[in-house]
Amino acid sequence: MRIDLHTHSNVSDGTQAPAQLMDAARDARLDVVAITDHDSTGGWQEASVRARMLGLSLVPGMEISCRTSSGITVHLLSYLHDPEHPGLLEEIGKSRDARLSRAERMVDRLSEDYPLNWDDVSQHVAPGATVGRPHIADALVAAGVVADRSEAFASILTSRSKYWVSHYAPYPVLAVSLVRQAGGVPVFAHPMASARGRIVEPEVFEELIEAGLAGVEVDHRDNPEPGREFLRSLARRHDLIITGSSDYHGTGKPNRLGENLTSPEALARIEEQGTGSSVVR
Ligand code: AMP
Ligand code: FE
Ligand code: FE
Ligand code: ZN
C-alpha cells in the first residue's frame, strides 16, 4: 500500500487543480492520498469526485498555519475533521483574511524595488484560494526576477527579508483543540524543519500532546535524521501516530508524490480517531 498524507492543490499553493492532483497521485501509483491545502478545505469536493472515478482512496485534510507565543511557525495537519465546524471555520477564515492583507503589504514593499504589483500576483492565485508567499514567488518568476520559487524563498521572500510581513495565525494549542472538537485528527507537520525557521522546544510537544495531538509527521524531506529519531522516541513514549509524506506542491517544489509514505497501521489509527468526515473510497 502506497499512502501519502500531505499534498497541496491550487486551492492553496500547489500548482494543480484538485482533480489534476488526483490524476498525479494515480500516476505516482498511490493507493491513498490526502489533500491538505493550507487553511482551506475548498478542494475536498472536486478531489473526491475524481478520486472515486480513479478508484483512489482520498483522506480529506488541511494544513493549518499556527504561531507560538514566542513567534515560531508551526504547521498542523488535520485529517477527517468536520469542514463545517464553526470554531475551526472561524479560525481559518481569520487566517485566510490576514494572509490576503499580508500578501498585499508584502507586494507594496516589493514594488519599491521590483516591477511588481498586486494584479501580477493575483494572476497566480486560483479563485478563492488561500494566498501565500509562493504566489508572490510566481509573480517574481514571471517578472524574470528569480528563476523559481526556491530561489525566491532563498532570498527575497525569507522571513529575514525586509519585505517580509507577518500575519495572524492561531496558537498551535488552540488549533489542536479545535481540530479535535471538529472530530479531526491533528498531526504536527514537519516538526524538525529547521531550514525553514526556528523549531519548537521539547516543552511545546508536551503542551500539544496534552491538548490532544494525535501524531507527528516523521518522514518528511525537511526533517533531518537526528530530529526524526527524537520524534520516533517521542511517539513511542506517548503512543503517537507516525506519518510520512511528500508535501507535494506540483511544480512549485521539488517534492515528489510518494517520496515518503505512511504505514497502513498509521492510517487505520487516523481513520479510527477521525469522526468529522470520512475517507473517500
Ligand atoms: P506563507 O504560508 O505565505 O508563509 O508561505 C509558506 C509556504 O511557502 C509554505 O507552505 C511552503 O509550501 C512554501 N515554501 C516554503 N519554502 C519554499 C521553497 N523553498 N520553495 C517553494 N515553496 C516554499
Ligand atoms: Fe505550501
Ligand atoms: Fe507545511
Ligand atoms: Zn504542506
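The values are calculated or read from the model by the stated rules, or taken from the named source; none is laboratory data. No experiment lies behind these values; they were computed from the predicted model shown. Positions of Cβ are generated from backbone atoms using ideal geometry, with glycine treated the same way; all protein chains shown enter the neighbour counts. To get the accessible areas, we keep the full protein, side chains included, count just its heavy atoms, and leave off ligands, DNA and RNA. Shrake-Rupley method; radii C 1.70, N 1.55, O 1.52, S 1.80 Å.
Between 80, 132, 42, the Cα set farthest toward the positive side of the dipole of segment 42-160 (charges on each charged residue's Cβ, about the Cα centre) is that of 80. For the chain, the 222 nm mean residue ellipticity estimated from helices alone, with every DSSP H stretch of n ≥ 4 adding -39500 (n - 2.57) and the total spread over all residues, rounds to -12000 deg cm²/dmol.
Between the Cα long axis of helix 202-211 and the first principal axis of the chain there is an angle of about 60°, rounded to the nearest 10.
Nearest 10 degrees is fine. How inclined is helix 18-27 to the longest principal axis of the chain, computing both from alpha carbons? Roughly 60 degrees between the two axes. If you take the Cα centroid of segment 163-235 and the Cα centroid of segment 69-111, the two points sit 16 Å apart.
Using only C-alpha atoms and all pairs of different ones, pull out the Kirkwood radius for segment 94-154 in Å with one decimal. Please report the intermediate quantities before stating the final value.
Details: mean 1/r = 0.0865 Å⁻¹.
Hydrodynamic radius (Kirkwood, Cα only) of segment 94-154 equals 11.6 Å.
For the chain, the Stokes-Einstein estimate of translational diffusion at 37 °C and a viscosity of 0.692 mPa s comes to 175 µm²/s, using the Kirkwood hydrodynamic radius over alpha-carbon pairs.
Return one number: the angle in degrees, 0 to 90 and rounded to the nearest 10, between the long axis of the Cα atoms of helix 264-273 and the longest principal axis of the Cα atoms of the chain. So the inclination is approximately 90 degrees.
Please state the shape class of segment 186-281: rounded when a/c is under 1.5, otherwise prolate if a/b exceeds b/c and oblate if not, all from the C-alpha gyration tensor.
Working: a/c = 1.71, a/b = 1.01, b/c = 1.69.
Oblate.
Here the accessible area of the chain is 49 percent carbon and sulfur, with a 1.4 angstrom probe and all protein chains present.
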